[in-house]
Structure formats: structure tokens, C-alpha cells
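Peer 1: Quick one: the structure is below, and I'll ask about it shortly.
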Amino acid sequence: MSVILATGSYDHDIRFWEAWSGICSRTIARKDESGQVNRLAISPDKRLLAAVIHKKINIYEVASTSSTPLITFEGHTLNITSVSFHSEGKWLVTGSEDGTIKIWDLRSAHLHRNYDNEAPVNDVVVHPNQGELISCDQAGRIKQWDLSENICTHELTPAGDTPMRSISLASDGSCLVAGNYKGKCYVWKINEERSDLPRFQAVTKFQAHSKYLTRCLLSPDVKYLATCSADTTVKIWSLTPSYEFRLEKVLQGHQRWVWDCAFSADSAYLVTASSDHTARLWEMASGETVRQYNGHHKAAVCCALHDGAG
């Protein structure tokens with residue numbers, strides 16, 4: 001399977017799609033299990049799909065036809081909002097409304113580490129150096145967590161206590177983008193810890209949407225930023241080496257809130273998931289929808305795409 005595309009929905013189903021034909025190739029139906037699917041992540045080797053389902057994480061085999069998870073991680077006490085894999089696929093990290101960030105060991109199938117954030121966590125990402133996590137929360141804070149020392153080493157509060165909804169780290173570790181509930185994006189240049197400059201150097205901020213922002217995501221080539229919103233659109237911003245953000249395209253077609261997005265490895269395509277029950281594949285060059293994925297019976301709220309090297 002060279003392209004793995006999955007979506008999750010309030011209808012409780014997880015669906016795998018043939019990206020180009022738009023055909024649903026597999027449905028993980030969770031008939032006897034409650035809880036909506038909040039977030040999805042595909043392991044770097046394309047072997048596993050992590051599905052965040054309310055307070056637990058189900059790990060499914062991508063190549064299997066079974067709807068039974070390989071592993072289930074339990075320990076969060078409230079809704080889980082985010083999930084990311086370590087680059088070697090040895091562990092994954094989750095953030096939750098229970099105010100904790102947890103690291104789960106995929107080899108032992110146990111909880112490996114727990115960080116107390118003291119406020120509901122809305123997003124967490126692994127730094128490309130694999131030694132740090134960056135999180136954002138309901139109290140408006142962005143934190144960097146050092147995995148070797150088990151502590152929070154940096155804290156940012158760019159907009160007071162306005163909740164921070166989503167964060168994205170450049171694949172080369174050069175910059176961090178955060179989006180808040182009010183549709184505003186904040187950008188920091190990330191400097192080397194060894195340098196005399198601050199670790200996070202604020203470079204710009206801009207109003208991306210006038211309504212609620214649900215997701216911000218930098219493209220793998222770090223040339224674009226996608227922002228998703230309650231206003232039914234996805235906006236594509238180009239960024240210059242001097243961190244100027246220019247609105248390039250507004251992707252229009254979804255009928256309701258757009259909740260999530262994922263770039264292709266070459267940054268040429270974007271997948272989006274929406275409350276209108278559909279997911280869409282957009283061509284970045286034209287800004288047009290090239291495929292629509294129909295099958296969910298309720299809001300599609302998360303998507304994951306992995307078409308790079310396994």
C-alpha cells in the first residue's frame with residue numbers, strides 16, 4: 001500500500017480510502033464500542049494506525065482486515081485531543097482534556113511517561129529532533145517538554161488566556177505555528193538551544209480566519225501553511241524565508257466546518273475532513289478538489305495521510 005488515507009467520524013467508523021479512485025477499501029466498524037473518533041495518526045513505517053477514541057487509543061494494523069485493535073492504551077480520564085508517533089515508531093504521544101500528556105510504549109504496550117500540564121491539552125507534536133514535545137492548551141499556553149530531563153523547559157503565552165487550538169512544527173525544526181480559537185496564527189522562529197538567541201523568537205502574527213480555527217498545518221516542504229476553520233474553508237498561505245505569510249488560495253467546497261487536514265509527502269496535495277460528512281483531496285497548484293470521499297454518515301472530524309517512504 002503506497003498511499004494510506006484514513007478518516008474518522010462521529011459515526012464511530014474509521015474508513016480507509018483508495019486515494020485516487022475515491023473508493024472505500026476498508027471500514028473499521030466499531031458496532032459494540034462507544035466513543036467517537038477524535039484523531040488519527042499513521043506510523044512512519046505505514047504499519048499501524050493510531051485512532052484516538054474518546055479516552056483511549058486503539059492501534060490497528062493497516063494491512064489487516066480485522067476490526068480488532070492490536071493494542072489498546074487506556075489511562076486518560078477525559079477526551080483525548082491529539083496523537084503523534086515517534087519517528088522510529090517506538091512510542092506515541094497523546095494529549096488530553098484531562099490536563100496530561102502521555103507517552104505510550106508500542107513495544108511493551110504500556111504507559112511510558114506522564115506529564116502534568118495542569119490545563120486541558122488541545123494539541124501536541126513531536127519535535128523533529130525526537131527529543132522534545134511541544135503542546136498547546138486551553139489556558140492559552142504553548143510549552144516545550146524535554147524528554148531526556150522530563151520537564152517543561154519553555155512556555156509561551158502569545159494571546160493571554162485565549163485557548164490555543166492547534167500547533168504545527170516545520171519538518172526541519174525551523175519554525176512553529178500556533179492557531180487560537182479566535183482564528184489568529186502566531187509564528188516563532190526556533191533557534192538552536194546552544195545559541196545566544198531565544199529558543200522561540202516571535203516573528204509574526206496574522207488573522208487567518210474570522211471564525212473558529214480548528215487546525216493549522218505546515219506543509220512538509222515548509223513552503224505553505226494550511227488553516228482549517230468553522231467558516232467552511234481551508235486557507236493556503238505561502239511563507240517566505242523571512243516568515244512573511246501571504247494568502248495564496250481559499251479552498252472552497254465543504255459545506256460545513258472543516259476539522260482536520262493532512263498534506264501529501266511532496267506537499268502537492270491536501271486532504272481535508274469536514275462536518276458535511278465528506279473528506280476531500282485538493283490539488284495545491286490549482287486549489288481544486290480532485291476527489292471526494294463519501295461514506296461517513298456523520299461529521300468527518302479527522303484524517304491521516306501517508307504516501308511517503310515507509
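The values are calculated or read from the model by the stated rules, or taken from the named source; none is laboratory data. On a predicted model such as this, the values are computed, not experimentally measured, just so you know. No Cβ is skipped: glycine too gets one built from the backbone with ideal geometry, and neighbour counts run over all protein chains shown. With ligands, DNA and RNA removed, areas are computed over all heavy atoms of the protein, side chains included. Shrake-Rupley method; radii C 1.70, N 1.55, O 1.52, S 1.80 Å.
Peer 1: Return the Cα extents of the stretch 177-224 along principal axes one, two and three, sorted largest first, each rounded to a whole Å.
Peer 2: 39, 22, 13
Peer 1: Sticking with this structure for a sec: In the chain, carbon and sulfur make up what percent of the accessible area (probe 1.4 Å)? Mind dumping the intermediate values first?
Peer 2: Details: 5920 of 12740 Å².
Summing carbon and sulfur atoms, their accessible area is 46 percent of the total for the chain.
Peer 1: Report the full-extension gain for the segment A285 to H54: residue separation times 0.36 nm, less the Cα-Cα distance, to one decimal in nm. List each step's numbers first, then the result.
Peer 2: Working: separation 231, 0.36 × 231 = 83.16 nm, distance 3.61 nm.
The A285-H54 span can extend by a further 79.5 nm.
Peer 1: In the full protein assembly as shown, how much of D307 is accessible to a 1.4 Å probe, in Å² to the nearest 10?
Peer 2: Surface open to solvent at D307 totals about 50 Å².
Peer 1: In terms of Cα to Cα distance under 17 Å, which lysines are near enough to K235, apart from those fewer than 8 places away along the same chain?
Peer 2: Within reach: K182, K184, K205, K211, K223, K249.
Peer 1: More than 24 angstrom separation, counting every C-alpha pair in the stretch 1-147; what % is that?
Peer 2: On the way: 3205 of 10731 pairs.
In whole percent, the long-distance tail amounts to 30.
Peer 1: Another question, then. What are the semi-axes of the equivalent ellipsoid of the stretch 106-174, taken as the square roots of 5 times the eigenvalues of the Cα gyration tensor, listed largest first and rounded to whole Å? Intermediate results must be reported in sequence, preceding the final value.
Peer 2: Working: eigenvalues 88, 46, 25 Å².
Equivalent ellipsoid of the stretch 106-174: 21, 15, 11 Å, largest first.
Peer 1: While we're looking at this one, here's another question. List every residue whose amide H lies under 5 Å from the amide H of K249, counting only residues 5 or more places away in sequence or on a different chain, with H placed 1.01 Å from N in the peptide plane.
Peer 2: Hits under the 5 Å cutoff: I236.
Peer 1: Starting from the alpha-carbon convex hull of the stretch 83-124, give the projected area averaged over all orientations, in nm². Don't jump to the answer; show the numbers that get you there.
Peer 2: Details: hull surface 10.8 nm².
In nm², the orientation-averaged hull projection of the stretch 83-124 is 2.7.
Peer 1: Can you give the net charge of the other residues whose Cβ lies under 12 Å from the Cβ of C261, counting K and R as +1 and D and E as -1?
Peer 2: Numbers: positive: R215, K235, R280; negative: D260.
With Lys, Arg at +1 and Asp, Glu at -1, the net is +2.
Peer 1: Name the residue from S43, S64, S25 whose Cα lies farthest towards the positive end of the charge dipole of the stretch 14-65, charges +1 on Cβ of Lys and Arg and -1 on Cβ of Asp and Glu.
Peer 2: S43
Peer 1: How much length, in nm to one decimal, is gained on full extension between K298 and K223, taken as 0.36 nm per residue of separation minus their Cα-Cα distance?
Peer 2: On the way: separation 75, 0.36 × 75 = 27.00 nm, distance 3.31 nm.
The K298-K223 span can extend by a further 23.7 nm.
Peer 1: While we're looking at this one, here's another question. Please give the direction-averaged projected area of the C-alpha convex hull for the stretch 159-265, in square nanometres with one decimal. Display every interim value, and only then the final one.
Peer 2: Numbers: hull surface 27.8 nm².
That works out to 6.9 nm², a quarter of the Cα hull's surface.
Peer 1: Right, something else. For the stretch 235-292, what does the relative contact order come out to in percent, with C-alpha contacts under 8 Å and a separation of six or more? It would help to have the intermediate numbers written out before the result.
Peer 2: Numbers: 100 pairs, mean separation 13.5, N = 58.
Taking the mean separation of contacting Cα pairs over the length of the stretch 235-292, I get 23 percent.
Peer 1: While we're on this one: To the nearest 10 square angstrom, how much accessible area does H112 have with a 1.4 angstrom probe?
Peer 2: Number for this one is 100 Å².
Peer 1: Just to verify a number: FRET efficiency for I23 and K211, C-beta to C-beta distance, R0 = 45 Å, to 0.05? Kindly include the intermediate steps, with their values, before the conclusion.
Peer 2: Details: r = 33 Å, r/R0 = 0.74.
Taking R0 as 45 Å, the efficiency between I23 and K211 is 0.85.
Peer 1: Any chance you could list the semi-axes, whole Å, largest first, of the equivalent ellipsoid that the Cα gyration tensor gives for the chain, using √(5λ)? Don't jump to the answer; show the numbers that get you there.
Peer 2: Numbers: eigenvalues 146, 116, 62 Å².
That gives 27, 24, 18 Å for the three semi-axes.
Peer 1: Send over the Kirkwood Rh of the stretch 1-72, from the inverse of the averaged 1/r over different Cα pairs, rounded to one decimal Å.
Peer 2: On the way: mean 1/r = 0.0815 Å⁻¹.
After inverting the mean inverse Cα-Cα distance, the result is 12.3 Å.
Peer 1: Separate question: Could you state the accessible area per residue of the stretch 1-86 in Å², with a 1.4 Å probe and every protein chain left in place?
Peer 2: With all protein chains present, the stretch 1-86 gives 41 Å² per residue.
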